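The values are calculated or read from the model by the stated rules, or taken from the named source; none is laboratory data. All figures in this text were calculated on a predicted structure; none of them were measured in a lab. Here the Cβ positions follow ideal geometry from the backbone for every residue, glycine too, while neighbour counts run over all protein chains shown.
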Amino acid sequence: MITALAFYMFAGVLVASATMVIAARNPVHSVLFLILAFFNAAGLFILMGAEFLAMILVIVYVGAVAVLFLFVVMMLDINFAELRQGFQRYLPIGGLVGLVLLVELMLVLGAWVVAPEAAALRQAPTPDAAAMSNTEALGRLLYTRYAYLFQASGMVLLVAMIGAIVLTLRDRPGTRRQSVAVQVARRAEETLEMRKVALGQGIGEEKGVVTHGTPGLRPAEAAKTATEKAEVR
């Protein structure tokens, strides 16, 4: 009885929070509802006996992904009112794409056939908790029977990450980049110039003319005087 009540509570809150993720106008509120949905999904996993999946869902998705989404949304400061201005213009195209996806889903569900061995697999006994933990059983399935699919999913995530970096990479003109090879190849003669400066005099380089300061003047006044002399010349 208690398990059934917990299931309906977690499931109801999960469906409601998932609906609010797409219905909330504020993107920060959407991310907070997404975190709530993750917590309730973790509760459902615990009821199913998959405590490892529940822990991974909370640590990885809530602790990393959802928090990252929240900080990105808050730091980008996107003008969502400006983004919604073209909603009416792209509504027919979006409706057409949604209709195509709906037809594809109906075709997939209509052709769905339950495997003959599904009933036998559903009634198969689960490993003894004393002999094998939930984490060990999941690891054996992932890295033995589904090893290739597991590696393929990793490749899909890698391609998605590379694609996101390529799409967001911007070549900004005028950006000064460090060239370690050029810095190491420089010699002292190219970077240093030794000059003997008399007492009370300075060296000013304005328009390629070397001028000397006036004795008794402050550094700022001497620089100003040297600039005026260079302009006169």
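Where helices (runs of 4 or more DSSP H) sit wholly within region 125-194, those with at least 2 residues that are touching a helix residue (DSSP H, G or I) at 6+ places or on another chain (Cβ under 7 Å) and of a type outside the set (Phe, Trp, Tyr) occupy 134-140. In region 1-29, the residue that is farthest from Leu44 (Cα to Cα) out of those that are without any contact (Cβ under 8 Å) to a residue 24 or more places away in the chain and among the polar types (S, T, N, Q) is Asn26.
Would you mind stating whether Phe52 is more than 23 Å from the chain's Cα centre (by Cα), part of a helix (DSSP H, G or I), at pLDDT below 90 and surrounded by 13 or more Cβ atoms within 10 Å (Cβ to Cβ)? Spelling it out, Phe52 is indeed more than 23 Å from the chain's Cα centre (by Cα), part of a helix (DSSP H, G or I), at pLDDT below 90 and surrounded by 13 or more Cβ atoms within 10 Å (Cβ to Cβ). The set of residues in region 174-225 that are among the acidic types (Asp, Glu) and either at pLDDT below 75 or touching a strand residue (DSSP E or B) at 6+ places or on another chain (Cβ under 9 Å) (or both) comprises Glu205, Glu206, Glu221.
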